[in-house]
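This report refers to the structure that appears directly beneath it.
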């Protein structure tokens, strides 16, 4: 059953995509993926279809990004088209009988929501449904496409919908962002950022002319290392050096890449939230973009690598807000000069929260022994050569790695992950004497 949910909200109009939207669209186009976010949530007893419909109406009315469709020019360039109102759809899936499994049905709904193509010119960038078992709602399934928001924006949205915030939305919405970005102030910001990018691109070591000794089928694989030791080591090192956890992780990542791939200095693309910028702190929209840095490793002590990583990351974050099309043109121009193998291979996205208290020496060593690492086949279509996400997993850190086995074998990619853990734990053990 499908329920039509009418809505209306403040703000409408047409404009170019904001820089955050353009960056996501460029990734979607390059990798041939729609990049949906979302999941399944169990519902408490007493929730009704009317309650969930009201939640969907609240979301659509409050957030311009959920009322946004795309319009394409003759050259294929997308523009954002924000509607003042419309109708969304809430799907209700009924199950019955003792053998029915509401969780499995919700998981299948989620898979279908993610799998079925979306038409960005006619569909809203959200799909929502509920499972009703024996007359009672059991699960909510929601999917929102990355073109509408990043993870930080999704966290703001979830917080506001839980509290049913009624005050006007905070920050610059994408229409307003696009207006500022087209201004002289926006152009100055982009030019400054791209000057930094060009300096780093031209200072990067020679292209990495290598192919994997063992190519897998499919080509791209997804690995997950769960380490109880990394957050503990990070706390020790933060107390010793004063470095924040993200800088410490970047330093460890750079040392691991240098040891495993022989690259130095190590070029790293850092996913940057950009929410420290005026008007973007609590905006429900995609504003994250990659920042580019070079981390010197050589044979320096780890504290020195951390200090260099801090300087490099600070510059990268400062210059991670720019016009995506101009950045792509710059990278293509430098690549044409430096050779067909030229590209930035190493990506790091630290999405962790605070780390736990400092451990003793014994607990850190014991935590290393509890590491787990698994790989699963992913796809043959284009993707990054090495992309590592860091997330909290209870008291542990989970490193999710996407590897292109035509350039880095699974054994080599595994070594990058385990070496990262070893670098941090060895440095922490040394710090504790």
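Every read-out reported here was derived from the displayed coordinates using simple, explicitly stated rules and does not represent laboratory data. Just so we're clear, the structure is a prediction, and the values are computed from it rather than from any experiment. Quick reminder, even Gly has a Cβ in these numbers, built from the backbone with ideal geometry, and neighbours come from all protein chains shown.
Listed values, structure above:
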{"quantity": "Angle in degrees between helix 49-62 and the longest Cα principal axis of the chain, rounded to the nearest 10", "calculated": "60"}
{"quantity": "Rg in Å to one decimal, and Dmax rounded to a whole Å, for the chain via C-alpha atoms", "calculated": "23.0, 66"}
{"quantity": "Within a Gaussian network of the chain (alpha carbon springs, distance under 10 Å), most fluctuating of 299, 393, 23", "calculated": "299"}
{"quantity": "Pairwise centroid distance, computed over Cα atoms, of segment 292-344 with segment 373-401, Å", "calculated": "21"}
{"quantity": "Extension gain (nm, one decimal) between residue 330 and residue 431, 0.36 nm per residue minus Cα-Cα", "calculated": "32.1 nm"}
{"quantity": "For the chain: relative contact order, % (alpha-carbon pairs under 8 angstrom, 6 or more apart)", "calculated": "21"}
{"quantity": "FRET efficiency, residue 199 to residue 8 (Cβ-Cβ, R0 56 Å, nearest 0.05)", "calculated": "0.70"}
{"quantity": "In degrees, nearest ten, helix 410-431 long axis to first principal axis of the chain (Cα)", "calculated": "70"}
{"quantity": "Computed log₁₀ I(q)/I(0) - Debye formula, equal Cα scatterers, no solvent, segment 2-180, q 0.12, 0.16, 0.18 Å⁻¹", "calculated": "-0.58, -1.00, -1.22"}
{"quantity": "Cα pair count fraction exceeding 24 Å, expressed as % - segment 195-344", "calculated": "44"}
{"quantity": "Cα pair distances of segment 47-86 binned at 10 Å [whole percent]", "calculated": "28, 35, 23, 11, 2"}
{"quantity": "Residue of 75, 391, 404 that the Gaussian network model of the chain assigns the largest fluctuation, springs spanning Cα pairs under 10 Å", "calculated": "75"}
{"quantity": "Nearest-0.05 FRET efficiency for residue 188 and residue 91, computed from C-beta distance (R0 41 Å)", "calculated": "0.30"}
{"quantity": "Rg ratio (alpha-carbon, reference 2.2 N^0.38 Å) - segment 342-403", "calculated": "1.42"}
{"quantity": "Calculated Rg and Dmax of segment 391-433 using C-alpha coordinates, Å", "calculated": "13.1, 42"}
{"quantity": "The chain - mean residue ellipticity at 222 nm from DSSP helices (-39,500 (n - 2.57) per run, n ≥ 4, rounded to 500)", "calculated": "-13000 deg cm²/dmol"}
{"quantity": "Segment residue 155-residue 276, extension gain: residue separation times 0.36 nm, minus the distance between their alpha carbons", "calculated": "42.0 nm"}
